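The structure appears right after this line, and notes come after that.
What follows draws every value from the coordinates through simple rules; no lab data is involved. In this text the structure is predicted, and so the values were computed from the model without any measurement. Please note: Cβ atoms are built from the backbone with ideal geometry, for glycine as well, and neighbour counts cover all protein chains shown.
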Amino acid sequence: MKLIHVIADQGHLDTLRGIAEQFGATAAWPGPETEDGRASFHILAGEAARQSILDAVQRTLGASGEYRVIVLPVDTVLPAPASAERQTAATRRPSGPSREELLSEVSRGARMDRDYLLLVILSAIVATVGLTENNVAVVVGAMVIAPLLGPNLALALGTTLGDAGLIRRSLLTATAGIGLALALSSAMGYLFGIPWQTAELLSRTHVNLAAVILALASGAAAVVSLTSGAAMTLVGVMVAVALLPPTCTVGILLAAGNGELARDAAVLLAINVVGVNLSAKAVFWWRGVKPRTAAEQRRARWWSGAAFVLWTAALLALVDFLSARPG
């Protein structure tokens, strides 16, 4: 349940009330007048109706540009609604966060700010130490930090919505994160001569088709958890499809001069990246995540098609490499 708080001109109050009734909001009522003479209107809506209400509000008020919509979380409603919201043709869709809420949440992972870079540095150090000390608990700790998962999920959402800006930021952030982790782990391996023949590290060089299945399933699970509002399950996804340990494995092995094993670890990293993006895109599509306007939807179809072809071709190439590899 969320509270949609709309600030608009006084003349739109009846229209907003009609939108709330049309799409089955739980409750709707006018609020006090704002300091600049505009009106406020509150709509209490659950998951089934929220996206339709937000789309209708934007269609109605978008031409003026003089409006604001604020979506606020609601923990409890008293008295509790007597029955579930009615399911009209417009609201029969998979429940979960609205497009705007999902974009706000996922796009944070595409920010390349100081916090992100610091998390990459710290998680790379933790992963490198855990791998070379053969400490499973430490490696899992680096997995849970998981700064590289965010930009990949943002990239999948960006191609789904045809958001070129989000795609660009996601690619830049993901590339910078992987490059920083690779450089740091290589530097640690070269400067400190840390051991690389540990079971934890070598396990990241043994790649088979099971890794492909795991990456696809984990990427799908990540998006299902986001679009269903069960974000806590993302912790399990972070551990299942970790991107930092194979990246650091590549860096350590390159510093040790073992190019062949470094290549195998790089293949695991590529499988994880491709698998997460491909399955995440598929689940965004299945959940009906798409832009609002017809023009945006046409652009999104182009981006979605291009991304699907690219990720599918990359995955098939990786599977072919694994099949052709001796042993």
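By the beta-carbon count within 10 Å of each Cβ, the least crowded to most crowded order of 228, 186, fewest first, is 228, 186.
Taking each residue as 0.36 nm, the span from residue 306 to residue 5 lengthens on full extension beyond its C-alpha to C-alpha distance by 104.6 nm. In the chain the Cα-Cα distances spread across 20 Å bins starting at 0 as 29, 47, 21, 3 percent of all pairs. On C-alpha positions alone, give me the angle between the axis of helix 294-324 and the longest principal axis of the chain, in degrees, nearest 10. Computed tilt is about 20 degrees. Neighbour counts of C-beta atoms inside 10 Å place 200, 33, 105 in the sequence 33, 105, 200, starting with the fewest. Note on residue 117 and residue 72: their simple-model spin labels are 3.7 nm apart, each label 7 Å out from Cα toward Cβ.
Per-residue ellipticity at 222 nm, computed for the chain from helices alone with -39500 (n - 2.57) per DSSP H run of at least four residues, works out to -21000 deg cm²/dmol. Dipole size of the chain about its Cα centre, with +1 on Lys/Arg Cβ and -1 on Asp/Glu Cβ: approximately 760 debye, rounded to the nearest 20. A Förster distance of 41 Å, applied to the separation of the beta-carbon atoms of residue 316 and residue 35, puts the FRET efficiency at 0.10. If the segment from residue 14 to residue 134 were pulled out straight at 0.36 nm per residue, it would be longer than the present Cα-Cα gap by 36.6 nm. A simple spin-label model places pseudo-atoms 7 Å from Cα toward Cβ; at residue 295 and residue 64 they are separated by 2.2 nm. Projecting the Cα atoms of 252, 142, 269 onto the charge dipole of the chain, computed from C-beta unit charges around the Cα centre, puts 269 farthest toward the positive end.
Between residue 80 and residue 210, full extension at 0.36 nm per residue minus the direct alpha carbon distance yields a gain of 42.1 nm.
Between the helical axis of 244-255 and the longest alpha-carbon principal axis of the chain there is an angle of about 30 degrees. Seen against the Cα atoms of the chain and their longest principal axis, helix 13-22 is set at about 70 degrees.
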